[in-house]
Amino acid sequence: MSYIVEINQLNKSFGQHHVLKDIDLQVETGEVVVIIGASGSGKSTLIRCINGLEEYNSGSLVVDGHGLEPHGGNQKALNAIRKEVGMVFQQFNLFPHLSVRRNIMLAPMKVKGVNQADATDTADRLLERVGIGSQAEKYPNQLSGGQQQRVAIARALAMEPRLMLFDEPTSALDPEMVGEVLDVMRELAREGMTMIVVTHEMGFAREVADRVIYIHEGRIVEQGPPDQVFDNPQNERTQAFLSRVL
Ligand code: ADP
Ligand code: MG
């Protein structure tokens with residue numbers, strides 16, 4: 001079995017603060033993994049380690065065959081991973097001075113050398129796909145939060161990622177806009193995209209995840225299919241967490 005993400009015994013500290021503890025995580029191509037856990041448990045740090053936004057201290061981390069060494073250092077692997085892994089954050093992080101279309105065209109042109117005509121076609125096709133084909137000429141601040149997050153997803157998809165990471169993509173949205181973003185993510189999952197999603201949307205997790213992982217204080221303490229984790233959690237920490245959020 002070959003995995004697109006292979007993490008063994010990963011540890012990560014910020015100074016004296018031990019944030020990720022002996023993380024083992026293997027993700028198969030096409031799998032949708034949802035990570036849940038309390039605020040401060042290390043979910044974002046784990047996601048950021050997977051695309052090299054954070055260095056880790058010990059263990060091993062291989063993404064699509066590219067090994068990232070502890071303490072960074074492997075620039076070639078880092079560059080490869082950044083090309084292959086799409087990331088969507090809680091804050092949309094769009095470029096405010098660029099139109100929606102230009103936001104999506106930028107990375108394929110700069111990083112992959114795609115020509116302007118092809119980048120334009122791809123941007124417009126992706127905007128159609130996330131349901132905002134008519135907004136291409138607008139600037140991010142002219143869009144709703146839900147629309148901006150869908151642009152952010154389209155922008156990540158423009159790089160034709162092999163893996164998509166989502167870190168609480170709906171947490172900054174007004175409630176009425178959560179559904180439209182989850183719909184796009186649901187569709188991506190249905191089409192076979194490999195996804196690791198940090199979210200507090202338990203309904204989405206139950207419906208879309210192949211596997212749910214519960215992190216407590218930097219440790220994976222429980223994981224399994226959603227039905228098992230939600231309906232029959234084995235660990236008392238998981239039970240306590242779910243009783244607070246469900
Ligand atoms: P979560 O996403 O589960 O809320 P985080 O991964 O953001 O948790 O944070 C885990 C812990 O690491 C928290 O205690 C947080 O304060 C700490 N932390 C996160 N990023 C940094 C950083 N850049 N420097 C120092 N501490 C950090
Ligand atoms: Mg977080």
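The values are calculated or read from the model by the stated rules, or taken from the named source; none is laboratory data. This structure is a prediction, so every number in the text was calculated from the model and none was measured. Using ideal geometry, Cβ is built from the backbone for each residue, glycine included, and neighbour counts are taken over all protein chains shown. In case anyone asks, the SASA skips ligands and DNA or RNA and just uses the protein heavy atoms, side chains included. Shrake-Rupley method; radii C 1.70, N 1.55, O 1.52, S 1.80 Å.
Using a probe radius of 1.4 Å on heavy atoms only, what accessible surface per residue do you get for the chain? Whole Å² is fine. Walk me through the intermediate numbers first.
Numbers: 11370 Å² over 246 residues.
Per-residue value: 46 Å².
Computed FRET efficiency, Cβ-Cβ of Lys76 and Ser2, R0 25 Å: what is it to the nearest 0.05? So, using R0 = 25 Å, E works out to roughly 0.80. In straight-distance terms, cross-link reach from Lys110 covers every one of the lysines whose alpha-carbon lies under 26 Å from its own, apart from those fewer than eight places away in the same chain; here that gives Lys76, Lys83, Lys138.
Give me the percent of the accessible area of the range 30-88 that comes from carbon and sulfur atoms, probe 1.4 Å, all protein chains in place.
Details: 1030 of 2250 Å².
Percent of accessible area from carbon and sulfur atoms in the range 30-88: 46.
Here the calculated FRET efficiency for Leu246 and Glu207, from their Cβ-Cβ distance with R0 = 22 Å, stands at 0.95, rounded to the nearest 0.05. Taking the Cα-to-Cβ direction at Leu106 and at Ser39 and moving 7 Å from each Cα, how far apart do the two end points lie in nm? Here the answer is 2.9 nm between the modelled labels.
Full extension of the chain between Ser171 and Ser58 yields a length gain of 37.6 nm, computed as 0.36 nm times the residue separation minus the alpha carbon distance. For the pair His200 and Asp121, what calculated FRET efficiency results from E = 1/(1 + (r/R0)^6), where r is the Cβ-Cβ distance and R0 = 30 Å, to the nearest 0.05? Efficiency computed from Cβ-Cβ geometry: 0.25. In plain terms, the chain from Ser144 to His18 could stretch by 41.6 nm, reckoned as 0.36 nm per residue minus the Cα-Cα distance. Around the Cα centre of the chain, unit charges on the Cβ atoms of Lys, Arg, Asp and Glu (plus for the first two, minus for the last two) sum to a dipole of about 700 debye. For the chain, the share of alpha carbon pairs falling in successive 10 Å distance bins from zero is 7, 31, 35, 21, 5, 0 percent. Counting charges near Val33 (Lys, Arg +1; Asp, Glu -1) among other residues having Cβ under 10 Å from its Cβ returns a value of -2.
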